[in-house]
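The values are calculated or read from the model by the stated rules, or taken from the named source; none is laboratory data. All values reported here derive from a predicted model rather than from experimental measurement. Heads up, the Cβs are rebuilt from the backbone with ideal geometry, glycines too, and the neighbour counts pull from every protein chain shown. In case anyone asks, the SASA skips ligands and DNA or RNA and just uses the protein heavy atoms, side chains included. Shrake-Rupley method; radii C 1.70, N 1.55, O 1.52, S 1.80 Å.
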Amino acid sequence: QVQLVESGGGLVQPGGSLRLSCAVSGSIIRFSDMGWFRQAPGKQRDLVTSITRGGSTNYADSVKGRYTISRDNAKNMMYLQMSSLKPEDTAVYYCNQVNGPTWSWGQGTQVTVSS
């Protein structure tokens, strides 16, 4: 069974930065396209960025130029570097496989952008 553990969230002021990590066990991520999702209160969970097995990336318009997704296949880890954070980035962030069966969701990591 695949387990996903997200970490690195927290409270940050507008304009600040955070780096999220996603640890995957039970599957080898180098065979998977991966993505970061976020869910704000009262809203659906949306994909914000993804990275293919080959390293190609895609970003939602709302985060383009501010977020950078990366992966370390040797460590079975994925990362999300977030900068120039805005209050509207406040959400619980999750990682999961994309372009394939969705794994069981982890607990997510809360990101709160507020002054």
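At an R0 of 25 angstrom, the distance between the Cβ atoms of K64 and T112 translates into a FRET efficiency of 0.70. For T57, the solvent-accessible surface with a 1.4 Å probe is about 70 Å², rounded to the nearest 10. For region 75-109, backbone nitrogen atoms closer than 15 Å to the point 7 Å from S27 Cα along Cα-to-C-beta are found at 76-78, 94-107.
Please give the length that would be gained between A74 and L47 if that part of the chain were fully extended, namely 0.36 nm times their separation in residues minus their C-alpha to C-alpha distance (nm, one decimal). Intermediate values should be presented prior to the final figure.
On the way: separation 27, 0.36 × 27 = 9.72 nm, distance 2.42 nm.
Stretched fully, the A74-L47 segment lengthens by 7.3 nm.
Between Q39, Y59, N76, the Cα set farthest toward the positive side of the dipole of the chain (charges on each charged residue's Cβ, about the Cα centre) is that of N76. Picking from A74, A40, A91, which is most flexible by a Gaussian network model of the chain using Cα springs under 10 Å? Fluctuation is largest for A74.
Based on Cβ point charges of +1 for Lys and Arg and -1 for Asp and Glu, what charge dipole magnitude is obtained for the chain about its Cα centre, in debye rounded to the nearest 20?
Details: 11 positive and 7 negative charges, 28 e Å.
So the dipole magnitude of the chain works out to roughly 140 debye.
Bridgeable aspartates and glutamates around K64 (alpha carbons under 20 Å apart, same-chain partners fewer than 8 residues away excluded): D33, D46, E88, D89. Here region 25-93 is treated with +1 on each Lys and Arg Cβ and -1 on each Asp and Glu Cβ, and its dipole about the Cα centre works out to around 100 debye. Both the radius of gyration and Dmax for the chain are 13.2, 40 Å, in that order, over alpha-carbon atoms.
For the chain, the relative contact order works out to 37 percent when only alpha carbon pairs closer than 8 Å and six or more residues apart are counted.
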